Amino acid sequence: MVGSLIPSSRFLAKKILKNIPFEDAKVIVELGPGTGIFTEKIMQLLHPDAHFVVIELNDVFYQNLKAKVTQENCHIIHGSASDLQKILSDLGFEKADCVVSSLPLSNFPKELRVDIMQAVMNILTPIGTFIQFQYTLQSKKHFESIFTQVSIDYAAINFPPAFIYRCSNS
Ligand SMILES: C[S@@+](CC[C@H](N)C(=O)[O-])C[C@H]1O[C@@H](n2cnc3c(N)ncnc32)[C@H](O)[C@@H]1O
C-alpha cells in the first residue's frame, strides 16, 4: 500500500512541481502524500485563492499531516483516492485542475487501479493535468489509453530512480 521504503527525494519533488500550473490552478489534488514531501512544497507555491485537497489512506500519515497543516485552503482528508469524486464534492468542488499522484498503482489490483483512474478522469477539467511518478514504465500503455498527451521525465537522483508521467487531454 505504501509502495516505497523511503520518501521521495527533493530532486524528484522538483521535477513533479515544475509540471503543476500554479498560476492558473484553482483546485489541486494530491493522492498518497505519505510523509508530505510534495505536500509541503505544493503548499508553499499554492496561489492564495486556490484550494489544495490532499487524500491519504494511511492513518498515521494522515494524522501527522493533519497536525502540521493549518492553512484554510489546504484540506487534508483521511480516505481513499477511489472516493475522489465524493471527497471533492463534499468539499464543494466539482473539478480539479491538477492531480498529483504518488499512489503505488502497479501494486494495486487492476480493478482498484481502473477505479482510481476513472475517478481522476471524472474530476479533471478538460484541460487538467495528471502527474504520477512510478519506478517502472508499466503504466505507460494504460495512461496512453486514457490521455491524448503523455510525456515522461526521469529522476535519476531518487531511490529507486523514478519516471514522472505528465498526462493531459489538451
Ligand atoms: C509511495 S508512497 C508516496 C509518499 C510520498 N508522496 C513520497 O513520494 O515520498 C504512497 C502513499 O500512497 C498512500 N496510499 C495508498 N493507497 C492509497 C489510496 N487508495 N488512497 C490514498 N492514498 C493511498 C500510502 O499510504 C502512501 O502514503
Euclidean distance between Cα centres, region 102-170 to region 42-67, Å: 20
Return, for the Cα atoms of the chain, the radius of gyration and Dmax in Å, separated by a comma. 14.5, 39
Simple Cβ-charge dipole of the chain, Lys/Arg +1 and Asp/Glu -1, about Cα centre, in debye nearest 20: 540
Cα gyration tensor of region 49-113, axes a ≥ b ≥ c as square roots of the eigenvalues: rounded (a/c below 1.5), prolate (a/b > b/c) or oblate? oblate
When DSSP assigns beta bridges and you keep just the ones with both residues in region 10-168, what percent turn out antiparallel, to the nearest 5? 40
Build a GNM of the chain with springs between Cα atoms under 10 Å: which of Leu103, Leu112, Leu91 gets the top mean-square fluctuation? Leu91
Ellipticity estimate at 222 nm from DSSP helix runs (n ≥ 4, -39,500 (n - 2.57)) divided over the chain, nearest 500: -9000 deg cm²/dmol
Using Cβ contacts closer than 10 Å as the measure, can you line up Tyr165, Tyr135, Tyr154 from fewest to most? Tyr154, Tyr135, Tyr165
Length-normalised contact order of region 1-112 in % [C-alpha pairs under 8 Å, at least 6 apart]: 34
Longest span of the chain, sites excluded, free of GluC sites (Glu not before Pro) in DSSP loop with at most 16 other C-beta atoms within 10 Å? 95-170
Which trypsin sites (Lys or Arg not before Pro) from region 70-165 combine a DSSP loop assignment with at most 15 other Cβ atoms within 10 Å? Lys95
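Where a number appears in this text, it was derived from the coordinates with a stated rule and is not lab data. The model shown is predicted, which means the values in this text are computed figures rather than measured ones. Cβ sites come from the backbone with ideal geometry, for glycine too, and all protein chains shown count toward neighbours.
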